[in-house]
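Shown next, in structure tokens, is the structure this report addresses.
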């Protein structure tokens, strides 16, 4: 029983670290990439939908994204959504095509990106701690149902904490790697 709880917690924590890595790949250091706009949502007939569901996002050159809405009346809402996103981008509209030039990363912009990266990493740590909480709750339930003894409970709790510490260290390593990548010129 304890082994299943530990294995499940470890697998879920590993998925949290993988999700963090995936999120951080969206934060580009200076090149245009379509995944930059993946988390931007647009008001579309009363509901918020991802930008990719109302337009085509492509790359014009290494520093410019090009967004082509599928409906002509969606140009303004898309432009507004890109402007109000936390990316700090200023789109330029030419008819039905929206060009999103990526600014060169200044020292201030790099620090903003690092702040975003740290926020993402903290989200990953919170997810891991929530998984630990669930696993510890399951261990306490086993003790309450008298399926394990108090010694097994303490051992299980310490092993779950070890698993948690290992995954939090992985999150910290991913964060440090991305920070150093962002600070390169």
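The values are calculated or read from the model by the stated rules, or taken from the named source; none is laboratory data. The shown structure was predicted, so the numbers you read here are calculated from the model rather than taken from an experiment. No Cβ is skipped: glycine too gets one built from the backbone with ideal geometry, and neighbour counts run over all protein chains shown.
Summary of values
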read-out	value
Hey, residue 112 modelled with pLDDT under 85 and farther than 24 Å from residue 184 by Cα or not	no
Positions within the range 87-111 being within 25 Å of residue 170 (Cβ to Cβ) and touching a residue at least 24 places away in the same chain (Cβ under 8 Å), in sequence order	110
Output for the range 1-28, where each listed residue is surrounded by 14 or more Cβ atoms within 10 Å (Cβ to Cβ) and farther than 18 Å from residue 134 by Cβ	20, 21, 23, 24, 26, 27, 28
Pairs where the first residue, in the range 137-151, is assigned by TED's automatic domain parsing to the domain that holds residue 9 and free of Cβ contacts under 8 Å to residues at least 24 places away in the same chain and the second is loosely packed, with under 11 Cβ neighbours inside 10 Å and part of a helix (DSSP H, G or I), C-beta under 7 Å, 6+ apart	143/150
One residue from 111, 80, 6, 15 being assigned to a helix (DSSP H, G or I) and touching a helix residue (DSSP H, G or I) at 6+ places or on another chain (Cβ under 8 Å)	6
The one condition in (1) at pLDDT below 85; (2) closer than 30 Å to residue 132 by Cβ; (3) crowded, with 20+ Cβ neighbours inside 10 Å that residue 51 fails to fulfil	(2)
Looking only at the range 129-154, and only at residues there that are in a helix (DSSP H, G or I) and out of contact with any helix residue (DSSP H, G or I) (no Cβ under 8 Å at 6 or more places or on another chain), the one that is surrounded by the fewest Cβ atoms within 10 Å (Cβ to Cβ)	151
Only listed residue being at pLDDT 90 or above, loosely packed, with under 13 Cβ neighbours inside 10 Å and assigned to a helix (DSSP H, G or I), chosen from 163, 126	126
The listed residue being in contact (Cβ under 8 Å) with a residue 24 or more places away in the chain and over 30 Å from residue 139 (Cα atoms), out of 54, 49, 75, 17	54
